[in-house]
Amino acid sequence: MPIKTVITKGKVPVKVYTDDIEHEAYQQLLNISHLPFIHSHVAAMPDVHFGKGATVGSVIPSKGAIIPAAVGVDIGCGMNALRLSIKAKDLPDNLKAIRSAIEATIPVGFDMHKTDKARASTIRALSVGLDKILEKHPKILKMQKKPYQTWVRQLGTLGGGNHFIELCLDENDDVWIMLHSGSRGIGNVIGQYFIRQAQKDMERHIHNLPHKDLAYFTEGAEHFDDYVHAVHWGQDYAMENRREMMRLLVDALKKHLPKFGVTKEAINCHHNYVSMENHFGENVFVTRKGAIRAGVDDLGIIPGSMGAKSFIVRGKGNAESFCSCSHGAGRKMSRGKAKRHFSKEDLESQTQGIECRKDTGVLDEIPGAYKDIDVVMDNQHDLVEVVHTLRQVVCVKG
């Protein structure tokens, strides 16, 4: 049985799939377990670590309530992977031109496309849902400069932090494109707005919470339905953002690689989101913050850090984990600590053989700042089976 630790000091247990959990993350999980609407128990994945709002790597089932800060501000953040019809031998010996082509095609950080790049049908479909949100909550418009232009031109862009685009090889030397991104600036302001709204709505009762970040909306309350609509819109936006990025990447790479096609082996999955699911006989809201769905035969993506292996997995539908698994290796060191602890030379050493940035601007993403992905995978062998093992050859960071 992969459950390594059970925290029993709250109203419900917390079942943890690792022994490697720092005090701050332990306390966050304990805080969640004290909430009155948690269904059965809380599950913590083997990549669990301290996070903003709630613990990264946590699965929170709730009856009649949702915690906006547990979903977070990168609503719908997740992964997309696509296997191409070419082999490692078809790649050039020097991959710098490939990395340059990716960087020239996909804006990173706060940047966006200079013109609308997304398909018109995608923009139209998303516009309808967003207009309904902004009609009832116009203050969201004031939280972002040129919001209408920004959300459209950020479709098909990467963002910053731990978001990335990679070219990978699997165990058969097949070439994959893999990317990690979310709902960009518009998801961020929607998340911020509703987190504050939940705290404002609970003003009289917030002192009764273990932490103010755990302010929640209850079913039937004034802003509950609005948040559900907004969070699902953000998740749809994130999904389309990854689709648009992948489309642009395929077109760009065809100019630099031998003629190739794309296979049916494609996965697009969230790991920061909320959905309605049935667990232990009841329909509940399941918030996965840094965790992916791993129901029976669900395909998912578990990336390692830049320089480490990544995995395409198939879920086993483990009930105790609420049909979930880890979303990656998980940080073991904060960004600030990583920058203080490691040097540019360390980064060069740990990313040897990978075409990527090796400057101090990405030092906080050094592999040494993350948990060992092999240990993480070993701790969840009851949750998923490995379908493909990938190794990066090109990595573009936000």
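The values are calculated or read from the model by the stated rules, or taken from the named source; none is laboratory data. Since the structure is predicted, the reported quantities are computational estimates derived from the model, not experimental observations. Every residue, glycine as well, gets a Cβ built from its backbone with ideal geometry; the counts of neighbours run over all protein chains shown. Areas reflect the complete protein model, heavy atoms only, side chains present, ligands, DNA and RNA absent. Shrake-Rupley method; radii C 1.70, N 1.55, O 1.52, S 1.80 Å.
Return the residues of segment 275-299 that are more than 17 Å from the chain's Cα centre (by Cα) and part of a loop (DSSP other than H, G, I, E, B); say none if nothing qualifies.
Let us first name the residues in segment 275-299 that are more than 17 Å from the chain's Cα centre (by Cα), namely 276-285, 295-297.
Once the filter is applied, which keeps residues that are more than 17 Å from the chain's Cα centre (by Cα) and part of a loop (DSSP other than H, G, I, E, B), segment 275-299 yields 280, 281, 295, 296, 297.
Can you tell me which condition residue 130 does not meet? The list is (1) within 30 Å of residue 260 (Cα to Cα); (2) at pLDDT 95 or above, and all the others hold.
Of (1) within 30 Å of residue 260 (Cα to Cα); (2) at pLDDT 95 or above, only one is false for residue 130: (1).
Counting only residues that are assigned to a helix (DSSP H, G or I) and closer than 30 Å to residue 16 by Cα, how many does segment 341-398 have?
Qualifying residue count for the region: 14.
Kindly provide the set of residues from segment 12-47 that are among the charged types (D, E, K, R) and either in contact with a strand residue (DSSP E or B) (Cβ under 7 Å, 6 or more places away or on another chain) or open to solvent by less than 60 Å² (accessible area, probe 1.4 Å) (or both), ordered by number. Before the answer, list the steps.
Going residue by residue through segment 12-47, those that are among the charged types (D, E, K, R) are 15, 19-20, 22, 24, 47.
Across segment 12-47, the qualifying residues are 15, 19, 22, 47.
Could you please tell me which pairs satisfy a Cβ distance under 7 Å, a separation of 6+ or placement on different chains, a first residue in segment 113-127 that is without any contact (Cβ under 8 Å) to a residue 60 or more places away in the chain, and a second residue that is open to solvent by 70 Å² or more (accessible area, probe 1.4 Å)?
From residues that are without any contact (Cβ under 8 Å) to a residue 60 or more places away in the chain, the pairs are 123/116.
Collect the residues in segment 302-322 that are under 21 Å from residue 3 (Cα atoms), of a type outside the set (Lys, Arg) and in a loop (DSSP other than H, G, I, E, B), keeping them in residue-number order.
317, 318, 319, 320, 321, 322
Only one of (1) open to solvent by 10 Å² or more (accessible area, probe 1.4 Å); (2) within 17 Å of residue 356 (Cβ to Cβ); (3) out of contact with any Ser or Thr (no Cβ under 6 Å at 6 or more places or on another chain); (4) modelled with pLDDT of 95 or more is not met by residue 161, so which one is it?
(4)
So which residues in segment 353-368 are without any contact (Cβ under 8 Å) to a residue 24 or more places away in the chain and farther than 22 Å from residue 179 by Cβ, if there are any at all?
Result: 360, single match.
So which helices (runs of 4 or more DSSP H) are wholly in segment 48-139 and hold at least 1 residues that are surrounded by fewer than 19 Cβ atoms within 10 Å (Cβ to Cβ)?
Working: elements: 68-71, 96-105, 120-136.
Here the list reads 96-105, 120-136.
Output the residues belonging to segment 356-387 that are open to solvent by 10 Å² or more (accessible area, probe 1.4 Å), modelled with pLDDT of 95 or more and touching a Phe, Trp or Tyr at 6+ places or on another chain (Cβ under 7 Å).
Residues satisfying the conditions are 377, 379, 386.
Within segment 278-295, which residues are under 21 Å from residue 240 (Cβ atoms) and open to solvent by 10 Å² or more (accessible area, probe 1.4 Å)?
Listed by number, the list holds a single entry, 293.
Residues that are open to solvent by less than 10 Å² (accessible area, probe 1.4 Å) and within 27 Å of residue 63 (Cβ to Cβ): does segment 258-277 have at least one?
For segment 258-277, residues open to solvent by less than 10 Å² (accessible area, probe 1.4 Å) and within 27 Å of residue 63 (Cβ to Cβ): present.
Somewhere in segment 231-254, is a residue open to solvent by 60 Å² or more (accessible area, probe 1.4 Å), touching a helix residue (DSSP H, G or I) at 6+ places or on another chain (Cβ under 9 Å) and under 25 Å from residue 137 (Cβ atoms)?
Looking through segment 231-254, at least one residue is open to solvent by 60 Å² or more (accessible area, probe 1.4 Å), touching a helix residue (DSSP H, G or I) at 6+ places or on another chain (Cβ under 9 Å) and under 25 Å from residue 137 (Cβ atoms).
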